[in-house]
Amino acid sequence: VQLQASGGGLVQAGGSLRLSCAASGGTFSRNSMGWFRQAPGKEREFVAVISWSADSTYYADSVKGRFTISRDNAKNTVYLQMNSLKPEDTAAYYCAASRMDSLIYGRRVKYDYWGQGTLVTVSS
């Protein structure tokens, strides 16, 4: 599975961005899809995950209520809608695919494939 993330950019605090991650190869509809981020000098952290059929989603507490993960299995694409952005959301954002279903395993899914990052910069 190859993953291509896009949609990053520069936005003012309080603004919105939508990230996309297009998948090719494999069977997209049988992959849980996750978003992670890594800020400069910090470790990569979990942001959100969506199950195979979009039946369940999980979010990091830091983004809950502001970010929404969704997927379109017909387009082999997962999205991350980010609203009310804060400067602390500044990071490189990565999408990842897991053959485990997060509907069953929740946030414990292990990721098999990773995309390249897309940079999000939130100015104050």
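The values are calculated or read from the model by the stated rules, or taken from the named source; none is laboratory data. What you are looking at is a predicted structure, and each value in this text was computed from that prediction instead of being measured. Heads up, the Cβs are rebuilt from the backbone with ideal geometry, glycines too, and the neighbour counts pull from every protein chain shown. Heads up: the accessible areas ignore ligands, DNA and RNA and are worked out on the full protein's heavy atoms, side chains in. Shrake-Rupley method; radii C 1.70, N 1.55, O 1.52, S 1.80 Å.
In segment 1-55, the ratio of gyration radius to Kirkwood radius, Rg to Rh, stands at 1.01 when only Cα atoms are counted. Other residues with beta-carbon under 14 Å from the beta-carbon of SER124 carry, at +1 per Lys or Arg and -1 per Asp or Glu, a net charge of -1.
Bridging of LYS42 to aspartates and glutamates at a Cα separation below 14 Å is possible for GLU88, ASP89, once same-chain residues fewer than 8 apart are set aside. As a fraction of the 1.4 Å probe accessible area of the chain, surface on carbon and sulfur atoms comes out at 46 percent.
Working note: Cα gyration tensor of the chain, eigenvalues times five, square-rooted, sorted largest first, giving semi-axes of 23, 14, 13 Å. Rolling a 1.4 Å probe over the protein heavy atoms gives segment 5-124 an accessible area of 50 Å² per residue.
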